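Chemist: Have a look at the structure that comes next, please.
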Amino acid sequence: MNLLVAELWRCWSRRATKLLLLLATLAIAGVMVWLALRPQYRTERYYEYTSSFEDSDANVVETRIDQRLDLVDDLSAAMAGTGTALMVLGVLLGSTLLGAEFGAGSLSTQLTYEPRRIRMWVTKAAAAALTTAAVCAALLLVMTAGMTVVAATRGITDGIDADFVADRALELGRLATAGALGALFGFAITGIARKTVAAIVVFLVMSFILEPVVTHNFGWAEARTPMDALGTFAFDPFVRDDGTGAWNSLGQAALVACVWIFGLLMISGVQFRRRELR
């Protein structure tokens, strides 16, 4: 337990953690300011012709559109939309937390206090996941608080009940877990390559080049690749039914992602145990 507390404190003290948290908070604050300052209503005008001829008389029709923030509908959509961003944030945090230690050469010093490498490795992975989950949950709570204030002052808060609160709490837990899984992915790849940049490059290549090509050419690989499964868990909380039969529930998507990430962590841990550290 003392080792885990020390690793959690080390994660929180990293400049990368504070910087990413600050940038994400500023982005949320900017969106909240825009929501608070935008007009509550807007008017759209279009022409309605009295006949099918273009040169006939036209009446100008005006429609007033209510664009006030509806907390019940908009908060759910906003939280679902942040899934991919939190997954990317997790990859960045997980890779930078471990990459900084490889870069500074502090791992060899830590082994003098805790010589059991596997125990240290597991503790560091757990600390990275817990730190990322806490950061994601904090950002979601900040966003929720900001949207609540905007909706209470310039929007709509009707329909808020216990079921709404429970659903949003479950969604917050799902998104925080997705961020933690992203952190474990970045942690594992960084442990294998010993470079933060390598983990980020692998994530981008797998997400936007390799996996789309593989799933497009091989139907059996659909939903069985790590980033596809993790992205679905983070972004699409609904049952997926696209005819492939790859998965039909959110739990199966999470299981596929966990199996891949656990395998990468095993490879990374074995290399950490055998490699020489300087």
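The values are calculated or read from the model by the stated rules, or taken from the named source; none is laboratory data. It should be emphasised that the depicted structure is a prediction, and the values quoted were computed from it without experimental measurement. Because the Cβ atoms are built from the backbone with ideal geometry, glycine has one as well, and the counts that use them run over all protein chains shown.
Chemist: Restricting the first residue to segment 117-130 and requiring it to be closer than 15 Å to residue 266 by Cβ and in contact (Cβ under 8 Å) with a residue 12 or more places away in the chain, which pairs with a second residue that is surrounded by 23 or more Cβ atoms within 10 Å (Cβ to Cβ) and of a type in the set (Gly, Ala, Ser) meet a Cβ separation below 8 Å and a spacing of at least six or different chains?
Modeler: Qualifying pairs under 8 Å: 121/191; 125/188.
Chemist: Could you say which residue among 211, 171 is in a helix (DSSP H, G or I), over 25 Å from residue 134 (Cβ atoms) and among the acidic types (Asp, Glu)?
Modeler: 211
Every residue, every condition in (1) modelled with pLDDT under 80; (2) surrounded by 11 or more Cβ atoms within 10 Å (Cβ to Cβ); (3) in a helix (DSSP H, G or I), yes or no:
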position: 6; (1), (2), (3): no, yes, yes
position: 16; (1), (2), (3): no, yes, yes
position: 29; (1), (2), (3): no, yes, yes
position: 54; (1), (2), (3): yes, no, no
position: 68; (1), (2), (3): no, yes, no
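Chemist: Being at pLDDT 90 or above and either within 21 Å of residue 80 (Cβ to Cβ) or surrounded by fewer than 20 Cβ atoms within 10 Å (Cβ to Cβ) (or both) is true for just one of 140, 184. Which residue is that?
Modeler: Unique residue meeting the criteria: 140.
Chemist: Name every residue in segment 220-278 that is at pLDDT 85 or above and either part of a loop (DSSP other than H, G, I, E, B) or of a type in the set (S, T, N, Q) (or both), in order of residue number.
Modeler: Result: 225, 268.
Chemist: Among the numbered conditions (1) at pLDDT 85 or above; (2) within 23 Å of the chain's Cα centre (by Cα); (3) more than 25 Å from residue 233 (Cα to Cα), tell me where residue 86 comes up short.
Modeler: (3)
Chemist: Any idea which of (1) surrounded by fewer than 21 Cβ atoms within 10 Å (Cβ to Cβ); (2) β-branched (Val, Ile, Thr); (3) assigned to a helix (DSSP H, G or I) is the one residue 160 doesn't satisfy?
Modeler: All conditions pass for residue 160, except number (3).
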